[in-house]
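Note sheet for the following structure.
The values are calculated or read from the model by the stated rules, or taken from the named source; none is laboratory data. What you see is a predicted model, and the numbers here were worked out from it, not measured in a lab. Note that we place each Cβ from the backbone using ideal geometry, even for glycine, and neighbour counts take in every protein chain shown. Ligands, DNA and RNA are excluded from the accessible area calculation, which covers all protein heavy atoms including side chains. Shrake-Rupley method; radii C 1.70, N 1.55, O 1.52, S 1.80 Å.
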Amino acid sequence: MVHLLAAIVMNQYPIIPAPVTLIQQPGHFTFNDQTVLVAGSGLKKASAMARTYLPIHDGSATKNAVVLKIDKSLNLNDEGYRLIIDEDTVEIQGKSEAGVFYGLQSLRQLMPAEAWKGAKSFEVPSVLIEDQPRFKWRGAMLDCGRNFMPKEFIKKFIDTLALNKMNSFHWHLTEDQGWRLEIKKYPKLTEVGSKRAKTMLQYSPAKYDETPYGGFYTQEDAKEIVKYAADRFVNVVPEIEMPGHSQAAVASYPELGNTGQQLEVATTWGVIKHVYNPEEKTIAFLKDVLDEVMAIFPSKFIHIGGDECPKDEWKASPRVQQLIKERGLKDEHEMQSWFVKQIDTYLASKGRRLIGWDEILEGGLAPGATVMSWRGEAGGIQAANSGHDVVMASTNALYFDYYQADPKTEPHAIGGNLPLRKVYDFDIVPAAIPAEKQHHILGGQFQIWTEYIRTPDYVEYMAFPRGLAAAEMFWSPRSKRNFRDFIDRARVQLPKMNINARPLDANLGLPTAEWKAGQVSNAYQTKTWNITSAIAGAGNYSILFQYTSGAFRLDIDGIEILVDGKVVATDAHFGRTGNEHVDNVWKVKLPAVQSGSKVEIRAKVRGDGGGDSNGDIVVSKG
Ligand code: ACM
């Protein structure tokens, strides 16, 4: 009984992300048809949102009132707030208008589900909350290049971000497979570049939907999104990719490419070798494009991609080789760096800042550049330690196109293994960045790459609940993060949110064991991993080896299970991991194991090509 009561009390305050300080108070405030909104000055946007969330009308009463005010003297950072609920009033004090907005989000999360559906009378529990974000950049990236997402869905996605106190929407607008933003000076970018002949459904063996596919946002659409987001204190960071991931642009204007060939908009996924040429006139084209982009998007940061630009065409082109010589550059990497520096200087001259994926470090980082670290954390560490700002977006925990459970039970995805617990336990401050450089970590964001994510419903399924774990990682102090408590809060909030989140089932776990780069090599070696934690009695077990990142897949030439060093079961079949995995689940029948015994997997493994391979070993009963 005592236990049950404790659980009920805890769930009275199911706020995500977990607040810095929350002091429970006895009693509650009751909303009814007399409750008024009393908003101080400078709160036009926040009070407009309050009127949409709450059954409330403007007034001036001092009781039965929701009072919003800015208090610049609060000892909190810019987005901090206090939420004080007692029997008479709900008071939200924000350090800024954004702070007031975040206080309102906490209030919404304290409201019961009926209130979200329009109930006019309901209670919220009394409380004192003082709260502020750990990081300034709390974001999500949505790839609308591979698959176009309707404008109304983008708004709904932004609503969900804002509710969870996220403030950055990184909009990936151009890709090899589609250019999605109207550019008035270059109409073919959308007339030609927004359409492709077919869509890849599966990489290997290749399978296509043969229906022609297209879609783009007009500049009016984009402005509407920017305003919608700004009303919710979300900044929209547009991404215009260069010099790679640009086949749709080169298909629209072949003179931007390296071969003069008329290309089609790409229809396969992957890293594609058709890229922009580094001519002055291509830089001029991109400056024109960015002029129109900057007129739509007030964001200080403009994302220019910079990732995955193969140098094949530049190596093969006599003209590019001549330009490398003329510009006094060493090689193609320095040419990419030259390219990015032209754009960095241009954006800086307009009062903006360049941000790009971590490949922009190669060949020398442009002076004003901010790095988005995606290939693990190395790029972020290098950039922060050399004095550049960083946004952490690592494949290790923030690539939500990865599977969130055993692929057998999930819709087709690109690969990987990123269950909720693994996201939750991550932290975006790598140990290798010393304290005095950590201020360079602006924050983090999760990514939804949409190769196989074709619909809004599927975006939501991949984004949530993992996006809630990310929101808490970006906002809450480490000391307030607790997985079990988070799950309890998510169970209360998710049903209110009207999204197609993946259910919070039992399958949320961390991998049982992992292999990491450097622990294997190109030659077969015998390795053992402790899996005792996953063993729950005698019976059948399946063991999944799942590649997650690195240059090479892992090959596994049979496994054995050892109990206290003695072989008790064997599955000798050969299997391989990776995106084209083959037979990568091993099955064994285990006897009862005495408590205190150590259970291990022993396997002959090799990285197919070298030691740079990482992955998870997931042991499950059945
Ligand atoms: C990326 O995933 N290519 C940034």
The number of Lys pairs in the stretch 465-622 whose alpha carbons lie under 21 Å apart, excluding pairs fewer than 8 residues apart on one chain, is 19
Round to a whole angstrom and tell me the spacing of the C-alpha centers of the stretch 505-557 and the stretch 377-441.
20
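If you build the Cα gyration tensor of the stretch 232-336 and take the root of 5 times each eigenvalue, what three semi-axes come out, in whole angstrom, biggest first?
With the √(5λ) rule applied to the stretch 232-336, the semi-axes are 26, 17, 13 Å.
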Say each of Lys227 and Lys516 gets a label point 7 Å from the Cα, pointing the same way as Cα to Cβ; how far apart are those two points in nm?
5.1
For Lys72, give me every one of the lysines with a C-alpha distance below 21 angstrom, ignoring sequence neighbours fewer than eight places off in its own chain.
Lys44, Lys45, Lys95, Lys136, Lys165
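Using the scaling law 2.2 N^0.38 Å as the reference, what is the normalised Cα Rg of the stretch 171-231?
Working: Rg = 14.3 Å, N = 61, 2.2 N^0.38 = 10.5 Å.
Normalised by 2.2 N^0.38 Å, the Cα Rg of the stretch 171-231 equals 1.36.
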What accessible area, in Å² to the nearest ten, does a 1.4 Å probe give for Arg502?
10
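Plugging the Kirkwood radius over Cα pairs into Stokes-Einstein for the stretch 272-317, at a temperature of 20 °C and a viscosity of 1.002 mPa s, what D comes out in µm²/s?
On the way: Rh = 12.4 Å.
This corresponds to a translational diffusion coefficient of 173 µm²/s.
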Of 530-538, 104-112, ordering from highest average Cβ density within 10 Å down gives 104-112, 530-538
Quick one: Debye curve from the alpha-carbon atoms of the stretch 144-290 only, equal weights, vacuum; give me log10 I(q)/I(0) at q = 0.15, 0.17, 0.18 Å⁻¹ to two decimals.
-0.79, -0.96, -1.04
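Given the rule -39500 (n - 2.57) for each run of at least 4 DSSP H residues, summed and divided by the residues of the chain, what is its mean residue ellipticity at 222 nm, to the nearest 500 deg cm²/dmol?
Details: 17 runs with 164 residues, N = 622.
Using -39500 (n - 2.57) per qualifying helix, the result is -7500 deg cm²/dmol.
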Ratio of Rg to Rh for the stretch 314-433, alpha carbon only, Kirkwood?
1.10
Simple spin-label estimate for Glu87 and Ala113 in nanometres, 7 Å along Cα-Cβ
3.0
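Hey, can you rank 597-606, 173-182, 550-559 by average C-beta count inside 10 Å, highest first?
On the way: 597-606: 19.0, 173-182: 26.6, 550-559: 20.8.
Peptide ranking by packing, descending: 173-182, 550-559, 597-606.
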Calculate the spin-label point distance for Thr268 paired with Asp78, positioning each point 7 Å from the Cα along the beta-carbon direction, and give it in nanometres.
4.5
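Beyond 20 Å, what share of the Cα-Cα pairs of the stretch 419-493 remains, rounded to the nearest whole percent?
Numbers: 1124 of 2775 pairs.
Taking all Cα-Cα pairs of the stretch 419-493, the fraction more than 20 Å apart is 41 percent.
Determine by what factor the alpha-carbon radius of gyration of the stretch 278-346 differs from 2.2 N^0.38 Å, reporting the quotient. Write out the running numbers ahead of the final one.
Details: Rg = 13.4 Å, N = 69, 2.2 N^0.38 = 11.0 Å.
That works out to 1.22 for the stretch 278-346.
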I'd like to know how the stretch 69-209 sits against the 2.2 N^0.38 Å rule of thumb: what's its Cα Rg over that expected value?
1.50
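Can you give the Rg/Rh ratio of the stretch 494-583, where Rg is from the C-alpha atoms and Rh is the Kirkwood radius? Kindly include the intermediate steps, with their values, before the conclusion.
Working: Rg = 16.7 Å, Rh = 16.0 Å.
In the stretch 494-583, Rg relative to Rh is 1.04.
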May I ask you to work out the translational diffusion coefficient for the chain at 10 °C, viscosity 1.306 mPa s, via Stokes-Einstein with Rh from the Kirkwood sum over Cα pairs, reported in whole µm²/s?
60
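Counting only heavy atoms of the protein chains, get the accessible area per residue of the stretch 135-269 (1.4 Å probe) and round it to a whole Å² value. Could you put the intermediate results ahead of the total?
On the way: 4390 Å² over 135 residues.
Heavy-atom SASA per residue in the stretch 135-269 reads 33 Å².
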Working note, the stretch 467-622: Cα radius of gyration (Å, one decimal) and Dmax (Å, whole number) are 18.2, 52
In whole Å, how far is the Cα centre of the stretch 181-244 from that of the stretch 55-95?
40
So if I restrict to the alpha-carbon atoms in the stretch 1-137, what is the Rg, and what is Dmax, the biggest pairwise distance, in Å?
14.6, 48
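Pop the C-beta distance of Lys63 and Leu128 into the FRET formula with R0 = 25 Å and round what comes out to the nearest 0.05.
The value I calculate is 0.85.
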